[in-house]
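Student: Quick one: the structure is below, and I'll ask about it shortly.
The values are calculated or read from the model by the stated rules, or taken from the named source; none is laboratory data. Here the structure is a predicted model, which is why all the values come from computation and not from measurement. Neighbour counts are summed over all protein chains in view; Cβ atoms, including those assigned to glycine, are modelled from backbone coordinates with ideal geometry. These area figures cover heavy atoms from the full protein model, side chains too; ligands, DNA and RNA do not enter into them. Shrake-Rupley method; radii C 1.70, N 1.55, O 1.52, S 1.80 Å.
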Amino acid sequence: MKILHLVVGMVQTNCYIIYDENSREGAVIDPGDNAKSILEAVQSENIKLCYILLTHGHFDHILATHEVAQQTGAKLVCPKGDLWLLHQEAMGEFRPFARGFVETPVDIEAEEGTEVTFGGMTAHYMNTPGHTPGSSVIQVGDVLFTGDTLFRHECGRCDLEGGDFNEMLHSLKRLHDLPGDYKVLPGHEGLSTLAEERKYNPYMRQATQ
């Protein structure tokens with residue numbers, strides 16, 4: 001699995017493009033904004049984009065969804081619990097920052113255990129509510145794409161509509177208890193590992209007390 005990392009949009013969202021070097025099949029995770037740069041990366045690597053995988057439905061993770069889907073034919077996968085966020089009226093205070101947003105039909109409504117396969121890889125959805133009701137971690141091989149659930153030494157905010165700190169703690173404990181180690185690729189800021197988060201993340205430590 002090859003991973004391209006782009007930082008897009010006004011709040012510096014991490015967007016990831018993952019693909020198989022032989023078949024060139026791939027997926028984009030959280031196309032937060034700047035469809036042009038995402039599509040240029042896809043084209044330069046000759047990637048056949050099969051899926052757009054959303055970790056959750058907040059505006060800063062979805063703004064480029066429509067254009068990327070339209071230009072590539074990729075199927076959109078969104079957590080079922082966050083479908084309500086994929087509409088302008090649900091953006092609330094963030095609507096002024098999402099004027100260019102175009103609603104896009106969802107092809108697959110992901111729930112706990114939903115899997116999609118491309119390029120010999122399987123993306124496995126784990127429901128990890130707290131930041132939003134549908135917030136999910138997407139596990140591909142030894143990598144966890146944690147969206148706004150788990151950050152490096154932090155966790156996602158829980159004070160927006162649909163957020164719940166107690167749910168967040170349950171989700172962090174679930175990640176803590178996964179066997180072995182994983183690379184942690186979050187929705188914002190720096191990368192980490194699960195071993196590092198078990199040791200240094202104060203919210204994860206709180207969740208396991």
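Student: For region 1-76, just the Cα set please: Rg and Dmax, both in angstrom.
Tutor: Reported Rg and Dmax, both Å: 11.0, 34.
Student: Using the basic label-point model (7 angstrom from Cα toward the beta carbon), what is the Glu189 to Asp20 distance in nanometres?
Tutor: With each label placed 7 Å out from Cα toward Cβ, I get 3.6 nm.
Student: Counting each DSSP H run of 4 or more residues in the chain as -39500 (n - 2.57), what helix-only mean residue ellipticity at 222 nm follows after dividing by all residues, to the nearest 500 deg cm²/dmol? Mind showing how you got there, number by number?
Tutor: Numbers: 5 runs with 43 residues, N = 209.
Value at 222 nm, helices only, nearest 500: -5500 deg cm²/dmol.
Student: Follow-up question, since we're still on this one. Could you pull out every one of the aspartates and glutamates with an alpha carbon less than 18 Å from that of Lys75, ignoring same-chain neighbours closer than 8 positions?
Tutor: Lys75 reaches Asp20, Glu25, Asp30, Asp33, Glu67, Glu103, Asp107, Glu109, Glu111, Glu115.
Student: What is the spin-label model distance, in nm, from Phe94 to Arg174 if the labels are put 7 Å beyond Cα along the C-beta direction?
Tutor: It works out to 2.0 nm between the two label points.
Student: Could you work out what % of the accessible surface of the chain is carbon and sulfur, using a 1.4 angstrom probe and leaving DNA, RNA and ligands out of the count?
Tutor: Numbers: 4320 of 9410 Å².
Carbon and sulfur atoms account for 46 percent of the accessible area of the chain.
Student: Hey, another quick one. Binning at 5 angstrom from zero up to the longest distance, how are the C-alpha pair distances of region 15-134 distributed in percent?
Tutor: 2, 12, 23, 24, 20, 12, 5, 1, 0
Student: Moving to a separate point now. At 0.36 nm per residue, minus the direct Cα-Cα distance, what do Gln70 and Gln209 gain on full extension? Give it in nm, one decimal, please.
Tutor: Values: separation 139, 0.36 × 139 = 50.04 nm, distance 4.66 nm.
Length difference between fully extended and current span is 45.4 nm.
Student: A further question follows. Go ahead and run the numbers for FRET between Val7 and Glu103, Cβ-Cβ distance against an R0 of 25 Å, rounding to 0.05.
Tutor: Details: r = 25 Å, r/R0 = 0.99.
Once the sixth-power term is evaluated, E becomes 0.50.
Student: Now, a different point. How much of Ser37 can a 1.4 Å solvent probe reach, expressed as accessible area in Å² and rounded to 10?
Tutor: Here the accessible area works out near 30 Å².
Student: While we're looking at this one, here's another question. Could you check how many percent of all C-alpha pairs in the chain are farther apart than 29 Å?
Tutor: On the way: 3793 of 21736 pairs.
So the pairs more than 29 Å apart make up 17 percent of the total in the chain.
Student: Sketch the reach of a paramagnetic label on Arg157 as a point 7 Å from Cα along Cα-to-Cβ, and name the residues of region 1-16 whose backbone nitrogen lies under 17 Å away.
Tutor: Answer for region 1-16: 9-14.
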